[in-house]
Amino acid sequence: MSETTRLPPTTGSPRAASTGPLAGPNGGARTGSLQADAALAKSVHRTITRGRDALLGMQDPAGWWKGELETNVTMDSEDILFREFLGIRRDDETERSARWIRSNQRDDGSWATFFGGPADLSTTIEAYVALRLAGDRPEDEHMRRAALVVRELGGVENARVFTHIWLALFGLWPWDKTPAIPAELNLLPSWFPFNPYDFACWARQTIVALSVVVSHRPVRPMPFGIEELFSGLTVERPVDLRSATGWLTVLDGALRRFERLPLKRLRRPAVKRALGWVLERQEADGSWGGIQPPWVYSLLALHLEGYAMDHPSVVAGIRGLDAFMVEAGDMRWLEACQSPVWDTALAILALAEAGLPGDHPALTQAGEWLLAEEIGVKGDWSVRRPDVSPGGWAFEFANDVYPDIDDTALVVMALRRVTGLDPARVHGAIRRGVDWVVGMRSRDGGWGAFDADNTRELCAALPFFDFGAVIDPPSADVTGHVVEMLAEAPERAERPVLNRGLQWLLRAQEDDGSWFGRWGANHVYGTGSVVPALVKAGLGRESPPVARALAWLREHQNPDGGWGEDLRSYRDPAWRGRGASTPSQTGWALLALLTAGDRGEEAARGVRYLVETQRDDGTWDEPYFTGIGFPGDFYINYHLYRMVFPLWALGRWRAEPA
C-alpha cells in the first residue's frame, strides 16, 4: 500500500500560509470572506446532495449501515497462525491473506500499525512468520528487508508480550520468557485486586481465555526456525522496588517459577471456572465481545481443553470469524470488529443534519432496526452496578454482554431525530437507555465506555500488559457525548447528573484548550466531541472553556483548510493537532466551530476543503486511520467516518446561514 507524506510537527498557526487562492482537486480558488459567497452556498448544496445520495446508497435493506473497519496486518498474520495451530489452515485462504499482508509492506521492509506510521517491530515479526507459513522464503527480497528491519528494531527479543505468546505456541520463543498469567486469577473475588473485573472488558475477556492457554504451555513446532529475526540484543530493565511496577515484576518472576511446579492444587478449579466463564459469554454470532483478541484466545482455550472441532461452540466461533473476512479479488483480510450500531446512529445524525426529514423511509427503517437492537439483559457491567436496570446498545451486531455508553448516547440522539416510529416505543427505549447511562456514571462524574469505576491503574503495571489500554476510565469524548445526550432531553430531569458531567469535562480540559480523544484521533476528536456538549449544556461561545477550545482548533487548521492529527500524537505531544487533513477530522473540527456559532474565515475554509475534496460519486477518500482501539498501539480506519462527518458538518453549515 502506498504511503502519503504527512505534515511534520510545526509551531504557530498555519493560517498565514493560506492567504491567496489555492486550487482544489475539483478546481476553483479559495478567497477571503467565503462565508457570504453565493457560489460556496451552491457548492455546499450540491456536495450535500451527492453525499446524502451516496450514503443512502450504502444502507443495507435491513436498515443498518456498516462501513469496513480497516486495521493493520496483525489481524491477518495472527489469523494464519491461529488456523495453523488448530490444524484448519487452507493453502488457498492463506495465499489470499498473504497477498494482503504483502500489499501492506512498506518500502523499508517493515509493517506499521497505521497508514503512514513508523515501522513497528512486533507487527513486522508476525507478518514475517505468517508469510513463512504461506511459503515465502527467507532469501526472497521482501523477506530479507523485513528481517533486516526486525534486527535493527531490536529483534524478536524485544517484541511485545502477545507476539512472544504467539511465537511460544510454535516453539519459536520459550514459554519461560513470557510473563505469567496464572489461571488462579479467575478465582479471585470481584473486590480483590487484579480480579478479572478490574480490567476493561476487552482485556478481561482476553486475560481469562489466555490464562487457560498459558496454563497448557503448548508447543506445536513450525517446519522452520526464525533465527534470522534475532538481534542478540535484550533490553534489561532495572527493577525499582520503590515502585509498584518493580514489585509486580518480582511477583511475575515468582509466578513463573510457580508455573514450573508439577502440582498446582487450585489450577484445575481455576481453569474450570475460566472455561465456564468463557462459554457463558459466547455471543450469538460465535464471537466473544465481537472483537478479535478474546475471540481467538477463547477458541484456543477451548481447543486446548479438549473441545473437538465439531463442538457447537467451536463451530460457531470459526464460522463467525469467517464472516468477519473481507474478500476482494485475490486478497482477503480480517476485520477486528464490526460497527453497525455505531455506524447506523452516525448515519441517522448526519442525514438528519443534511436535511433528510425525520419520517423519511431510510431513517424510519434505520430507527426500527436500532430499536430491535436494544439490549435487555444484564452483562458484566452489572458486577459494579448490580442495582442498575439493563438498557442501551452495543457496538456490534451481537454483543449482549457488553453494551457501551458511547453507542447508547449516540443512538438516543439518533432516535430523537426519527419521527416515523411509534412514539411510545421510542420513548420507552430512550428512557431505558438514558437511565442505564446515568446508572453507569463513575464516582468522579464522568463516563467510561463499558464499565463504571474501572480505574485501577495498577493493572497497567502488570508485566504481561505491555500493549494496549487495560482499564476503562472516564474519557472526555464519551463523557462529552453523554452530556450532549442529556442536554438534548426535553424534560432535563437529569440536570444534576449533567452538571457533574459538565464539571468533569471542564476539569479534563488540557492547558492548551483541547481535550484528549480516547476513541478518535486525538485532540481534534476530543475537542470536537466536547465543544458541542458544552454549548448544548448552556456554555456560550464566549465562555472561557469554549473560547479556548475554538482558538485551539483555529490555530491548528492546515493551509489547505482542513484539519488532521497524526496518530503519533498519542506518544509525542509535538503532533497534537498536526497531520495531513482528512475529511473525518475536518468534520469534527467544523462541528465544534459551527455548534458554537463560529462561522468565520476558518469555518468557511474548512467547508471549502470538504467541498473540493469530495469525489464525483459523492464520497470522500481517507487512507488515514482516525479511529482508536488502544491509544498508542492499535488504530482503526472507520470507512464510514469519511462519509458521515463531512456530511454532518456541511449540513450544519447550511442549516445556519449567516
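Laid out as a table, the results:
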| quantity | calculated |
| --- | --- |
| Flag if ASP407 is part of a loop (DSSP other than H, G, I, E, B), closer than 30 Å to ARG50 by Cβ and either at pLDDT 95 or above or out of contact with any Leu (no Cβ under 7 Å at 6 or more places or on another chain) (or both) | no |
| Check on GLY433, buried (at least 24 other Cβ atoms within 10 Å of the Cβ) and either in contact with a Gly (Cβ under 8 Å, 6 or more places away or on another chain) or of a type in the set (A, V, I, L, M) (or both) | yes |
| Candidates PRO193, PRO179, PRO189 - the one that is buried (at least 17 other Cβ atoms within 10 Å of the Cβ) and outside any helix (DSSP H, G or I) | PRO179 |
| Given (1) modelled with pLDDT under 95; (2) crowded, with 16+ Cβ neighbours inside 10 Å, index of the condition LEU69 fails | (1) |
| Tally of residues being of a type outside the set (D, E, K, R) and either more than 19 Å from ASP477 (Cβ to Cβ) or surrounded by fewer than 22 Cβ atoms within 10 Å (Cβ to Cβ) (or both) across segment 382-409 | 11 |
| Those residues of segment 551-563 which are surrounded by 24 or more Cβ atoms within 10 Å (Cβ to Cβ) and in a helix (DSSP H, G or I), in sequence order | LEU553 |
| Residues satisfying the stated conditions in segment 533-546, i.e. within 29 Å of the chain's Cα centre (by Cα), surrounded by fewer than 19 Cβ atoms within 10 Å (Cβ to Cβ) and not basic (Lys, Arg) | PRO545 |
| Test: residue in segment 352-365 that is touching a helix residue (DSSP H, G or I) at 6+ places or on another chain (Cβ under 9 Å), under 19 Å from GLU396 (Cβ atoms) and touching a residue at least 24 places away in the same chain (Cβ under 8 Å) | no |
| Qualifying residue in segment 434-444 (condition: in contact with a Cys (Cβ under 8 Å, 6 or more places away or on another chain), modelled with pLDDT of 95 or more and within 16 Å of ARG385 (Cβ to Cβ)) | no |
| Segment 423-477, residues that are closer than 14 Å to CYS201 by Cβ and of a type in the set (A, V, I, L, M) | MET440, ALA449, ALA452, ALA469, VAL470, ILE471 |
| Yes/no for THR419 being modelled with pLDDT of 90 or more, among the polar types (S, T, N, Q) and more than 20 Å from the chain's Cα centre (by Cα) | yes |
| Residue count, segment 273-311 (criterion: closer than 22 Å to PHE450 by Cα, among the aromatic types (Phe, Trp, Tyr) and surrounded by fewer than 24 Cβ atoms within 10 Å (Cβ to Cβ)) | 1 |
| Search result, residues across segment 478-517 that are surrounded by fewer than 19 Cβ atoms within 10 Å (Cβ to Cβ), modelled with pLDDT of 95 or more and in a loop (DSSP other than H, G, I, E, B) | GLU510, ASP511, ASP512 |
| Per-region count, segment 78-115, residues assigned to a loop (DSSP other than H, G, I, E, B) and closer than 29 Å to ALA521 by Cα | 11 |
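The values are calculated or read from the model by the stated rules, or taken from the named source; none is laboratory data. Remember, it's a predicted structure, so these values are computed and weren't measured experimentally. Cβ coordinates were reconstructed from backbone atoms using ideal geometry, including for glycine residues, and neighbour counts include every protein chain displayed.
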